[in-house]
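Chemist: Structure in structure tokens, see below.
The values are calculated or read from the model by the stated rules, or taken from the named source; none is laboratory data. Everything numeric here is computed off the predicted structure, so don't read it as measured data. So basically every Cβ, Gly included, is an ideal-geometry build from the backbone, and we count neighbours across all protein chains shown. Heavy atoms of the whole protein, side chains included, go into the accessibility calculation; ligands, DNA and RNA do not. Shrake-Rupley method; radii C 1.70, N 1.55, O 1.52, S 1.80 Å.
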Amino acid sequence: MFSDLRGELTYPVNEVFESLQGEASWTGTPSTFIRLQGCPVGCPWCDTKHTWTLDEALLIGVRDMLGKQSDAATYARLTVAELLDVALGKRARHVVITGGEPCRYDLEPLCEALLRHDLTVQIETSGTHAIKAPREVWVTVSPKYHMPGGYGVMREALLRANEIKMPVGKQADVELVQQLVEPVTVLHVRAPVIWLQPLSQNVKATALCVEAATRYGWRVSLQVHKFIGAR
């Protein structure tokens, strides 16, 4: 996080928009997405690469950021109060904090403000950074192993997860889920829900996910928002 001229903490925000959550446990839920700027993980298949770079040269005003009509690498800095005001101005009562990699930042102040106003809050993270958020927040960990950024998935992030959503493109990804699920399940008071999400809606990857979910009692996440043309 940064501080503005008044010394208030600010978050770098690429965009804020209203849509449906199309993945995993909250599928079909009207949601306000707060997309934070900055990600060092470097997933090759990422569909939001425009959010990776945190550069002062890309900084724009809040009004310009809120008026975005297409993907762009520009971002604005907003205080907790400003983000709360934007979220309360939306119809959706569920807020998804995503990125980029949102857990690069201390999300406690933002999440606490949203929760105090009776909004439900979800964080989507790669599990490569410590998760600083209240216990009431729903945490979706989509583990990113062996990515170009060189970050490892933190054990603490897996233990904090309400659900683990694994991107799957090949059999080795399923085997990786098997390796991480057992120790996490043993240590959890309440085991996380396990989702398999086929990369790029690929037909072979989807079949692989269905087979593995059927065999191991997991679930398949199909990015429903893309089927209906939502963001």
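Chemist: Students often check this: by mean Cβ neighbours within 10 Å, which of 22-30, 119-127 ranks highest, and how do the rest follow?
Modeler: 119-127, 22-30
Chemist: Further, regarding this structure: Near Gly99, within a Cβ-to-Cβ distance under 10 Å, what is the net charge of the other residues, with Lys and Arg +1 and Asp and Glu -1?
Modeler: Net charge in that neighbourhood comes out at 0.
Chemist: Can you tell me the order of 10-19, 194-203 when each peptide is scored by its average per-residue count of other Cβ atoms within 10 angstrom, highest first?
Modeler: The most tightly packed comes first, giving 10-19, 194-203.
Chemist: To continue, here is another question. Counting only protein heavy atoms and a 1.4 Å probe, tell me what percentage of the chain's accessible area is made up of carbon and sulfur.
Modeler: Exposed carbon and sulfur together represent 54 percent of the surface.
Chemist: Would you mind calculating the relative contact order of the range 51-177 from Cα pairs under 8 angstrom and at least 6 residues apart, reporting the percent as a whole number?
Modeler: 16
Chemist: I need the peptides 78-89, 46-57 ranked by packing, meaning the mean over residues of other C-beta atoms within 10 angstrom, with the highest value on top.
Modeler: Put in order of decreasing packing, that is 78-89, 46-57.
Chemist: Output the antiparallel fraction of DSSP beta bridges having both residues in the chain, as a percent to the nearest 5.
Modeler: 35
Chemist: Hey, what's the chain come to in accessible area per residue, 1.4 Å probe, Å²?
Modeler: Counting only protein heavy atoms, the per-residue value for the chain is 48 Å².
Chemist: Rg/Rh for the chain to two decimals, with Rh computed the Kirkwood way over all alpha-carbon pairs.
Modeler: Radius of gyration relative to Kirkwood radius: 0.96.
Chemist: Using θ = phi - 60° and the Karplus relation 6.51 cos²θ - 1.76 cosθ + 1.60, list the HN-Hα couplings for the range 10-23 in order, rounded to whole Hz, with x at every Gly or Pro.
Modeler: 10, 10, x, 10, 6, 6, 9, 8, 9, 7, 9, 5, x, 10
Chemist: A further question follows. Would you tally the net charge around Ile60, using a Cβ to Cβ cut-off of less than 10 Å, leaving Ile60 out, and scoring K and R as +1, D and E as -1?
Modeler: +2
Chemist: Additional query: Which whole number in µm²/s is D for the range 80-170 by Stokes-Einstein, with the Kirkwood Rh taken over Cα pairs at 37 °C and 0.692 mPa s?
Modeler: Stokes-Einstein gives a translational diffusion coefficient of 239 µm²/s.
Chemist: Also, I was wondering about something else. Grab the other residues whose beta carbon is less than 10 angstrom from that of Tyr151, score K and R as +1, D and E as -1, and report the net.
Modeler: After counting each charged neighbour, the total is 0.
Chemist: I've got another one for you. How high is the relative contact order of the chain, in percent, counting Cα pairs under 8 Å that sit 6 or more residues apart?
Modeler: Normalised by residue count, the contact order of the chain is 18 percent.
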